[in-house]
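The values are calculated or read from the model by the stated rules, or taken from the named source; none is laboratory data. Note that the structure is predicted; figures quoted are calculated from it, not measured. Using ideal geometry, Cβ is built from the backbone for each residue, glycine included, and neighbour counts are taken over all protein chains shown. The accessibility values were calculated without ligands, DNA or RNA, using every heavy atom of the protein model including side chains. Shrake-Rupley method; radii C 1.70, N 1.55, O 1.52, S 1.80 Å.
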Amino acid sequence: MVVVFDMDDTLFPEHAFVLSALATAGDYALKKWGVAGFADQAIALFQAGQRKGIFQEAFLRLEREPMTIEQVHELLQVYRTHAPIALPWFPDALRAMQAISQSHPLALISDGFLPTQSNKAKALGIERWIPEPVFTEALGREFWKPSPKAFELVMQRHPRENFMYVADNASKDFIAPNALGWRTVQVRRHEGQYRNTPAAPLGQPQQIISSLDELILLI
Ligand SMILES: [Mg+2]
């Protein structure tokens, strides 16, 4: 069986990337536009739960003119191309990777903007275990989950195998692998970002665990 992992919030806390990228966006805003305190404002908004319009809101709070569309795009570009030197693994994810790699082939399917996802994978050192991670955006924007495309690609790379997909977000992660006959496992950590996100129709995980330490017992 090939054990296939999602990346964000399955192997590492995605907010670690967000905080690092916002800090870099803050450095940029200071150098380029002389805006001081941008990162602190943006991080405070993120930590208060805001997920949209953070850049504009941070500018307003600093009593600046509203950002132009060009400025928003510029800062988004800085954010999305941010390449952290390192990112922290969930300790249980690292243990699972070390243990399961001894006995099973591993793969990775991750959604989101390139090069953001590829920079995250580099910062985690994913290639130690998975030399060819699949980034859905590299196949085309229309192949983000729930498209089956990335899952089919992994199946082509491992003919005559069974597959398990391990991920965290029931609104999109399990639709394609369920349809393709994979085993699906949701990691639902206590502090998980998508812990209470409702499952999509036909997107229920077949099994739910609270940490990847339990995965070793399932396979
Ligand atoms: Mg995820």
Legend entry - Members of the range 133-157 that are in a loop (DSSP other than H, G, I, E, B) and within 17 Å of ILE100 (Cβ to Cβ): PRO133
Legend entry - Of residues in the range 7-55 being in contact with a strand residue (DSSP E or B) (Cβ under 9 Å, 6 or more places away or on another chain) and open to solvent by less than 10 Å² (accessible area, probe 1.4 Å), the one nearest to the ligand (Cβ to nearest atom): THR10
Inset, instruction - Could you please let me know if MET67 is more than 16 Å from the ligand (Cβ to nearest atom) and closer than 30 Å to HIS158 by Cα? - result: no
Legend entry - Entirely in the range 158-218, the strands (runs of 3 or more DSSP E) that have 3 or more residues that are away from the ligand (no atom under 12 Å from the Cβ) and buried (at least 16 other Cβ atoms within 10 Å of the Cβ): 183-187
Legend entry - In the range 73-111, the residues that are open to solvent by less than 10 Å² (accessible area, probe 1.4 Å) and under 14 Å from the mean Cα position of the chain (by Cα): ALA93, LEU108, ILE109, SER110
